[in-house]
Each structure stands twice: as structure tokens, then as C-alpha cells.
Amino acid sequence: MSLLISSRIIPSAAVALCLLSGTSVAAPAKPTTQGQPTTRPAAQGQSGAQGQPADQGQLLDRIVAVVNDGVVLQSDLDETLRQITAQLRAQNIALPPPNVLRSQVLDQLVSEEIQSQRADKAGIKVTDEQVNDALARIAKDQNVAFEDLPARLAQDGIDYAYYREQLRREIAREILRGQEVLQTIVITPRELDQYIANQQDTVSALYEYDASNILIPIAQDASAQQIAHASQLAHDIDGRARRGDDFAKLALTYSQADNALQGGELGWRKGPELPTFLADTIARLKPGEVSDVIQTSTGFHIVRLNARRGAGGPQIVQQVHLRHILLKTSELQDDATVQQKLERMREQIVSGKEDFAVLAKTNSQDPASAVNGGDLGWSELAVYDPSFAAAADQLKDGEISQPFRSSFGWHIVQMLGRRTIDDSKDAAREQAFDALRNARADEATEQWLQRLRDASYIKLQP
């Protein structure tokens with residue numbers, strides 16, 4: 001696969017929060033009998049927990065939800081609750097009552113289980129390289145070297161193998177969403193041109209917005225009475241938010257949107273990147289103001305503008321032109337063997353005995369660039385694996401690096417040139433495409449998740 005990062009995989013709170021807060025993710029115990037608590041017998045002559053007779057066993061884990069042919073375990077729920085609670089406290093967000101937060105977290109875990117099952121049935125396989133790519137970005141965000149990540153996780157009491165597997169499942173769900181939601185959103189060149197023209201002079205295109213939202217959903221087959229009840233609830237919540245109740249706590253308590261456990265935060269977005277049905281409303285709000293209730297096909301929405309800042313201006317970027325040769329270890333070739341091969345290749349190229357492009361075409365295990373003699377074209381260093389970018393950034397024009405290792409394998413890389421360009425026009429068109437797609441994707445994702453849930457068998461255990 002190419003070293004260019006092709007997608008943004010962001011682990012869920014249950015997976016990624018451990019690096020932010022120092023909390024750990026514990027591997028769930030496997031149930032011995034579906035629908036029954038997992039127990040182990042007490043030692044002979046001893047009593048079980050809380051004075052139970054020895055023959056009753058000791059409770060290890062239990063099922064809290066049956067989801068189709070899968071389950072959610074109490075250990076998963078407890079661990080995720082602990083991490084979400086730590087995250088919310090670190091952000092100074094007021095916590096809802098424990099039973100409400102438990103319900104919201106369990107709902108998220110059920111939704112993730114449904115998506116994971118669908119990804120498995122769709123045959124989605126996540127490679128080790130994709131997992132390494134995501135881990136490298138997590139390590140970079142946390143200022144941790146990729147090779148130090150297992151030790152850092154171990155210090156926090158986190159099993160690295162389990163962490164990788166949870167991240168693998170998270171990536172699979174993102175790929176599934178891409179296939180079943182994002183790829184179904186068609187944007188024609190004419191639509192893109194019209195969108196850019198319409199946004200150039202709008203207020204929302206001149207600013208970035210930090211907003212939060214609350215969703216009270218409506219099922220596809222909801223009765224008039226159920227719709228009226230949801231409407232009343234939404235208007236009650238809207239009134240409380242306008243009177244000064246903590247919006248994040250209201251979102252944690254009532255919202256059924258994907259971001260409910262983040263206090264409804266949408267994060268900083270440029271005007272065109274906002275969900276289409278919210279953009280005009282948010283553009284009219286002043287920081288701190290709460291909107292009226294907005295009804296769409298997915299339900300009733302309430303939005304709060306937290307802050308606003310200016311956006312736009314020229315985008316001056318630094319780009320590099322690189323080519324590389326990638327070799328990977330295997331059962332027959334360990335790190336030392338691969339490193340020595342690359343050292344010999346480098347010596348042959350530097351001495352003029354071999355051509356870089358020829359060796360790349362015949363030896364490199366990066367198929368995307370090997371056909372072009374290892375040429376990666378012009379790109380910003382930030383798009384590459386952190387270890388690769390760091391090694392390349394040390395090079396002068398024409399210089400070839402010593403062999404080094406990244407999350408993809410072993411490389412030698414040559415710096416062909418550097419340049420500074422105004423990428424505003426191309427970047428603006430690319431950002432407009434992403435913004436238009438993402439604006440449509442938010443509502444499409446909510447509809448998709450609701451359809452998956454409606455088609456699933458879900459039984460919550462008391």
C-alpha cells in the first residue's frame with residue numbers, strides 16, 4: 001500500500017482515551033454460556049464473594065445486552081464507563097445521573113457491536129499495515145515514538161495485542177461507513193462548482209464554528225403520538241438550554257446522536273463543512289446562543305454555537321518530492337537481513353553502479369510507487385508516516401538516507417526537491433468537495449445507523 005495516508009481513522013473514546021487520560025482498556029472475559037453470567041467455582045472449603053456458599057461460584061462477568069448473535073459484556077460496559085467518565089471530568093463537563101450515563105454508554109456499545117457484525121458479514125478485513133498506520137498517527141498525536149508505544153501502553157496497564165484488536169475493529173467500522181454511506185453520496189462537478197460559487201460570498205464561508213447539537217430521533221415507522229412525544233421532549237430540552245442549563249449535560253442525558261458522549265460537540269468546522277440543515281441556523285447564532293428546535297427526517301435537533309473565528313486566506317504550504325524503496329521483514333528475512341540489503345542498494349546507487357528507479361521497480365514492496373521507480377511525487381511531509389517524514393526531513397536535495405524503519409517496513413528515501421507553493425485554489429476545491437460530502441454524510445449516517453438498529457435483534461439484560 002502507498003505511504004500516503006488515505007483516510008482519517010480516529011479511535012473511539014473506549015479505545016483512544018487511554019492515551020489521553022492514562023486509563024486502561026481491559027480485555028473482556030468470554031462468556032461460557034450465552035445469556036448467563038460467567039462464573040468460576042470457589043476453592044473447596046471457601047465461601048464465594050459476599051459470603052456465598054462455595055458451590056455457588058464467583059461471578060466474573062455477565063451479559064448486559066444481546067445483539068443479534070453477539071453480546072455486550074458487563075466488563076466492556078464498566079471499562080468504557082470509567083474511561084468516558086474520566087474524559088468528561090477532564091473536560092469539566094457536568095456528569096448526568098449514573099443510570100443515564102450508563103444507558104448512553106450501553107447504547108453506544110450496542111451500536112458499535114451492530115456495525116462490527118455487519119463489517120464481518122461484509123468481509124471487511126483490516127491489514128496490519130492499516131492498524132500500524134492508525135497507531136502511528138495516535139503515537140504522533142500523543143508525542144510518543146511509534147516504537148515506544150507498546151511500552152507506553154504497558155506502563156498504563158494496557159495489553160498491546162488487545163489494544164490493536166480493538167483499533168482494528170474500529171477501523172473496520174469506519175471502512176463499513178465509507179462503503180455504505182460515504183460512497184453512496186454522489187457529487188457531480190457541476191454541483192461542486194455551484195457549491196463553491198454559492199459559498200464564496202456567504203457569511204458561513206468566512207468563519208469556522210465550534211458548535212454542539214442534541215438529537216431526539218424519530219423512528220422510520222413512528223406513530224403520530226410518538227412524533228408528538230419526541231417534539232415535546234425536544235422543545236422542553238430547548239427551553240432548558242435557553243434558560244442556561246448545561247448544554248453538554250443535556251446532550252449526555254438526552255441526545256441520541258453519535259457525539260452524545262462527547263457532550264454533543266461537533267468540533268471546529270468551517271461553514272461549508274457543517275451539516276446542511278444546520279449551516280444557516282448556526283451562521284445566524286451568536287456565540288452562546290441556542291437555536292430553535294429543527295425538525296428533519298431523522299428527528300428533532302437543537303444546536304448551540306459555542307464559539308466562532310475567522311477562516312480563509314492563502315494557504316502557503318511546504319512540499320517535498322521524494323522517492324523510496326520499501327522492503328518488509330518476513331519469516332525468511334529478519335530486520336538485520338533487510339537492513340543489509342538496503343545498505344547494499346544504497347551503496348550501489350551512490351557509487352553510480354545502479355539506478356535508483358530501476359532498483360525501486362524491481363525490489364520495492366510499495367506497489368503504488370514501485371511502478372514509478374519509487375517516485376512519491378510532490379506532497380507535504382505531514383501526509384507520510386511520522387518515522388518516514390522525520391527521516392526524509394533531514395535530507396538535502398539529492399541525498400539518500402541510510403536505511404530506517406517505519407510502521408510499514410524498512411526504507412531508503414531520496415530527497416529530489418523542496419518547494420513552497422500557494423495551494424489555495426486546489427485546496428479550496430478539495431475542501432469544498434469534502435465539506436459538501438461531509439455535510440450530507442452527517443444526516444445520512446444517522447439514517448443509516450437507525451436502519452441498522454431497526455433491523456437488529458437487541459435485548460438488554462436487567
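The values are calculated or read from the model by the stated rules, or taken from the named source; none is laboratory data. Predicted model only: the values in this text are computed from it and were never measured. Please note: Cβ atoms are built from the backbone with ideal geometry, for glycine as well, and neighbour counts cover all protein chains shown.
Every residue, every condition in (1) surrounded by 14 or more Cβ atoms within 10 Å (Cβ to Cβ); (2) in contact with a Gly (Cβ under 7 Å, 6 or more places away or on another chain); (3) of a type in the set (Asp, Glu); (4) part of a strand (DSSP E or B), yes or no:
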site: 306; (1), (2), (3), (4): yes, no, no, yes
site: 324; (1), (2), (3), (4): yes, yes, no, yes
site: 346; (1), (2), (3), (4): yes, no, no, no
site: 352; (1), (2), (3), (4): no, no, no, no
site: 357; (1), (2), (3), (4): yes, yes, no, no
site: 387; (1), (2), (3), (4): yes, no, no, no
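Yes/no matrix, rows are residues, columns are (1) over 20 Å from residue 297 (Cα atoms); (2) crowded, with 17+ Cβ neighbours inside 10 Å:
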position	(1), (2)
170	yes, yes
198	yes, no
219	no, no
226	no, no
243	yes, no
256	no, yes
262	yes, yes
265	yes, yes
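Would you list the helices (runs of 4 or more DSSP H) that sit entirely within the stretch 88-196 and hold 1 or more residues that are basic (Lys, Arg) and farther than 30 Å from residue 457 by Cα?
Details: elements: 98-121, 128-141, 149-155, 160-180.
Passing ranges, in order: 128-141, 149-155.
May I ask you to say which residue of 281, 362 is part of a helix (DSSP H, G or I), without any contact (Cβ under 8 Å) to a residue 24 or more places away in the chain, touching a strand residue (DSSP E or B) at 6+ places or on another chain (Cβ under 9 Å) and of a type in the set (Ser, Thr, Tyr)? It would help to see each step written out before you state the result.
Values: 362 fails: touching a strand residue (DSSP E or B) at 6+ places or on another chain (Cβ under 9 Å).
Matching residue, one of 281, 362: 281.
Just the residues that are assigned to a strand (DSSP E or B) and in contact with a Gly (Cβ under 9 Å, 6 or more places away or on another chain), please, taken from the stretch 62-87. So that I can check it myself, show each step before the final result.
We begin by selecting, within the stretch 62-87, every residue assigned to a strand (DSSP E or B); these are 63-67, 70-73.
Within the stretch 62-87, 63, 66, 71 qualify.
Search the stretch 384-422 for residues being of a type in the set (Val, Ile, Thr) and over 20 Å from residue 373 (Cα atoms), and hand back the single one that is modelled with the highest pLDDT. Before you say what the answer is, go through the steps one by one.
The first filter runs over the stretch 384-422 and keeps only residues of a type in the set (Val, Ile, Thr), leaving 400, 412-413, 420-421.
Filter once more, keeping what is over 20 Å from residue 373 (Cα atoms): 420-421.
On the way: 420: 86, 421: 77.
Result: 420.
Tell me yes or no: at least one residue of the stretch 381-389 is more than 30 Å from residue 272 (Cβ to Cβ) and without any contact (Cβ under 8 Å) to a residue 12 or more places away in the chain.
No, the stretch 381-389 has no match at all.
Condition first: of a type in the set (Gly, Ala, Ser) and at pLDDT 95 or above. Now tell me which residues in the stretch 292-345 satisfy that. Please lay out each step first, then the result.
Step one: list which residues in the stretch 292-345 are of a type in the set (Gly, Ala, Ser), which gives 297, 299, 307, 310-313, 330, 336.
Of everything in the stretch 292-345, nothing turns out to be of a type in the set (Gly, Ala, Ser) and at pLDDT 95 or above.
Return yes when residue 298 is more than 30 Å from residue 208 (Cα to Cα), touching a residue at least 24 places away in the same chain (Cβ under 8 Å) and under 30 Å from the mean Cα position of the chain (by Cα) and no when it is not. Full working, then the answer.
Working: more than 30 Å from residue 208 (Cα to Cα): no; touching a residue at least 24 places away in the same chain (Cβ under 8 Å): yes; under 30 Å from the mean Cα position of the chain (by Cα): yes.
Judged against the criteria, residue 298 is not a match.
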